[in-house]
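First up is the structure itself, then whatever we jot down about it.
Values in this text are rule-based calculations from the coordinates and carry no lab data. Model, not experiment: these values are computed from the prediction. Cβ placement follows ideal geometry from the backbone for every residue including glycine, while neighbour counts extend to all protein chains displayed.
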Amino acid sequence: MLICDDIEAMRNLLRIIVELDPGFHVAGEAGNGDEAVSQARALQPDVILLDLSMPGRTGLDALPSIRAVAPAAAVIAFSGLDESVVREAALAAGAVLFLQKGAAPDAILAAIEGVHLGGRGAGYIAPAQNGGYETRADVQAPAPLDS
C-alpha cells in the first residue's frame with residue numbers, strides 16, 4: 001500500500017490505522033503528487049490512499065498519471081473537502097472510492113479491505129454525526145471486478 005499526503009502526521013496516523021490489520025503493509029509514502037506518481041511506478045502497490053489537496057501537483061492532478069503507471073492499483077481518494085465536484089472529479093479520474101478525511105478508523109480499514117478484495121465503483125464514505133460513518137446513497141458501493 002502507498003499512502004500519499006502532504007502532512008507527515010496524517011501519513012503516520014494512516015500508517016498506524018492500516019497496520020492495525022496484519023493483512024496490510026504500507027510499502028511507501030509520498031508527500032506530493034510527483035512523489036505519488038514516482039512511488040506508484042516503483043512500488044506497484046495494490047492500494048493507494050491519495051490525498052487530493054497536496055501542494056504543488058495535487059493528488060487530483062496526479063491521479064491520471066498514477067493510473068497510467070500503476071493500472072492495477074486501486075486508488076482511494078481522500079480529502080477534507082466534502083464537495084461533490086471534487087468527489088466526482090476524483091472518481092471520474094480513476095479513483096475507485098472517495099473517503100472523506102475524518103472517517104473512523106474502521107471505515108478506513110473497511111474501505112481498504114473492500115478495494116483490496118477487488119471492489120470497484122463510485123463509492124463515498126464520510127463521517128456520520130453519531131461518530132460512525134455513512135455511505136452516501138447517491139453513489140454505488142464498490143462492486144467486484146470482472147476477471
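In a simple Cβ point-charge model (Lys, Arg +1; Asp, Glu -1; nothing else charged), segment 47-115 has a dipole of about 200 debye relative to its Cα centre. By other beta-carbon atoms within 10 Å, ranking Phe78, Phe24 with the fewest at the front produces Phe24, Phe78.
Counting every other Cβ atom within 10 Å of each residue's Cβ, Met10, Met54 order from fewest to most as Met10, Met54.
Potential lengthening of the chain between Asp61 and Gln44 amounts to 4.2 nm, from the contour at 0.36 nm per residue minus the alpha-carbon distance.
Over all distinct Cα-Cα pairs of segment 1-85, the Kirkwood formula returns a hydrodynamic radius of 12.6 Å.
Each residue of segment 47-52 was assigned a 3J(HN,Hα) from its phi angle through the Karplus curve 6.51 cos²θ - 1.76 cosθ + 1.60 (θ = phi - 60°); the sequence is 10, 10, 8, 10, 5, 7 Hz, with glycine and proline shown as x.
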